[in-house]
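Scroll down for the structure; my scribbles are underneath it.
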Amino acid sequence: LKANNARSLWHPMTAPSDSLKNAPTIVTGAQGVRITDLDGHEVVDAVGGLWNVNLGYSCQPVKEAITGQLDRLPYYSIFRGTSNDCVIELAEELRTFFEPDGLTRAFFTSGGSDSVETALRLARQYHKIRGEAGRVKYLSLKKGYHGTHFGGASVNGNANFRTAYEPLLPGCHHIPAPYTYRNPFNETDPARLAQLCLAALEDEIAFQGAATIAAFIMEPILGAGGVIPPHPSFMPGVESICRKHGILLIADEVITAFGRTGAWTGSRLWGVKPDFACTAKAITNGYFPFGAVMIAESVAQVFESDATGKAAIGHGYTYSGHPVGAAAALACLAETKRLNVVENAAARGTQLYEGAKALMAKHDIIGDVRGGHGLMTAIELVADRATKSAPDKAIPARVQEVAYRSGAMIRISGPNIILSPPLILTAADVDVILSALDAGFLAL
Ligand code: PMP
């Protein structure tokens, strides 16, 4: 196999011609928190797969759970009157983890985009059951990322993921994100900015008419948009505005659930109880494509006590509740608890965030560092700190290349370097990431 033999493969989020010009790094192996490429070069994976490999690549109990389940029951559908023992056990187990968030039922999917689509659709159905069929619109944040299905892309707040696929779902409207480094209000105080964004939300609700809105969807910490943790007052403010207007709150926890933020969920970090929490990614840590939408007790009861016949669920996936995915998820939950990775995420997250801030003091190319809540950190690069102008596209790519040669795989998203390593990494692994980044900046 050669790196330039990738002609038949189209990579997501890459122009096909780019893959032909720039050979991709071909990963051929992984152990612990390290990945190995075709040339045998081994680095710390500061991306954690794609924010999902919380437990690293050698989690023996997960591998055994998968092979054991493959031997017992590799697949059976959970459509129309059938189920499987493993997925029932998983739903019960998830309930114990999510009950503090008020989320007691699970609807299973095959990944994050499916989970978002499921929550958006069930939100409309919830209102129809309650006789409010006019509630069909969705509100969300600019810079939010919610996957690539048409519903998720419609609530997505980044033009790059929208324009090529328009027209998207009608009735989706976006409000400014509480992004202190750049915002339309030129407000640099996070608490005041949160209030301005909440006022923009109230304004949009009044403009659209509250009785037309089904749900508001947000990530408790914006991930792909550049790791944007809102001020602690923001999500509780969103929650109370939603409650006041009868709008459902969907927390897109595809990245934030299962400990990445140093708390079990991102919503819990802010003391918020959403109506739906979309999860995927770390639920199976990359070992199997899988997802779950966690549903609030109050929402579940509306569906379960319906006598009108409107609660029949015409939504689901062939692989909803896949027994092998369920077995992997059960093992991941057990390992996440046993290894105390949530606590480690908080401690190592602080080390990584402080280390990135120290790099900012040293390198003018860094305009902003965001994080401080577990292992989600972004380093935003600028050509000029005063004007905050974006650097040439080649600059982040150059940092990435040198950092890789110096021992760490990092991810570039626009002007941001994104760091989301496995939650099991050690203090020494964090030091490797920081020194690889330092090497990358020094080489500019
Ligand atoms: N929501 C969020 C917040 C995400 O970060 C992602 C994926 N990065 C998705 C949804 C979509 O998940 P998937 O790629 O598994 O479909």
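For this structure, a couple of remarks:
- Computed over segment 178-251, the convex hull of the alpha-carbon atoms projects to a mean area of 4.8 nm².
- Distance between segment 130-151 and segment 9-23 - C-alpha centres, whole angstrom: 31
- Relative contact order of segment 1-134, pairs being alpha-carbon contacts under 8 Å that are 6 or more residues apart, as %: 10
- Of all lysines in the structure, the ones whose alpha carbon falls short of 18 Å from that of Lys357, not counting any fewer than 8 places away in one chain, are Lys388.
- Cα-centre dipole for segment 237-311 with unit charges at Cβ (Lys and Arg positive, Asp and Glu negative), debye to 20: 200
- Extreme residue, positive dipole direction of the chain, given options Thr212, Gly371, Ser19 (C-beta unit charges): Thr212
- Over segment 286-328: Kirkwood hydrodynamic radius from C-alpha pairwise inverse distances, Å: 12.6
- Segment 314-349 versus segment 56-114: alpha-carbon centroid distance in Å: 8
- Ranking Cys332, Cys172, Gly355 by Cα position along the charge dipole of the chain, where only Lys, Arg, Asp and Glu carry charges on their C-beta atoms, puts Cys172 farthest toward the positive end.
- Cα gyration tensor shape for segment 1-158, rounded if a/c is under 1.5, else prolate or oblate: oblate
- Around Glu304: net Lys/Arg minus Asp/Glu count, Cβ-Cβ under 12 Å: -1
- Figure legend: label point modelled 7 angstrom from the Cα of Asn160 along Cα→Cβ; residues of segment 9-24 with amide N under 20 Å from it are 10-24.
- Centre separation in Å (Cα based) which lies between segment 231-279 and segment 184-200: 19
- Scattering curve values for segment 46-108, log₁₀ I(q)/I(0), Debye with Cα scatterers, q = 0.12, 0.14, 0.16, 0.21 Å⁻¹: -0.46, -0.62, -0.79, -1.09
- Using the Cβ-Cβ distance between Thr426 and Ser17 with R0 set to 45 Å, the FRET efficiency from 1/(1 + (r/R0)^6) comes to roughly 0.65.
- In segment 4-74, one over the average inverse separation of all distinct C-alpha pairs is 14.5 Å, which is the Kirkwood hydrodynamic radius.
- By the rule of a C-alpha distance below 30 Å, with chain neighbours fewer than 8 residues away ignored, the lysines paired with Lys137 are Lys128, Lys244, Lys273, Lys281, Lys310.
- When Rg and the Kirkwood radius Rh are both evaluated on Cα atoms of segment 93-188, their ratio Rg/Rh stands at 1.03.
- Each pair of Cα atoms in the chain enters the Kirkwood radius, and Stokes-Einstein at 20 °C and 1.002 mPa s then converts it into a translational diffusion coefficient of 95 µm²/s.
- Dipole magnitude for the chain: computed about the Cα centre from +1 point charges on Lys and Arg Cβ and -1 point charges on Asp and Glu Cβ, it is near 640 debye.
- Ranking of Ser154, Ser83 by neighbouring Cβ atoms within 10 Å, starting from the fewest: Ser83, Ser154.
- Calculated [222 nm] ellipticity per residue, helices only, for the chain: -12000 deg cm²/dmol; basis is -39500 (n - 2.57) per DSSP H run with n ≥ 4, divided by all residues, nearest 500.
- Based on Cα contacts under 8 Å between residues 6+ apart, the chain shows a relative contact order of 21 percent.
- Span per principal axis, largest first, for the Cα atoms of segment 276-358 (Å): 60, 28, 22
- Per-selection Kirkwood Rh - segment 292-444 (Cα, Å, 1 d.p.): 18.5
- For segment 62-338, the share of DSSP beta bridges that are antiparallel, to the nearest 5, is 40%.
Bear in mind these aren't lab numbers, they're just calculated from the coordinates by the rules spelled out. Keep in mind that what you see is a predicted model, and the values were worked out from it rather than measured. So basically every Cβ, Gly included, is an ideal-geometry build from the backbone, and we count neighbours across all protein chains shown.
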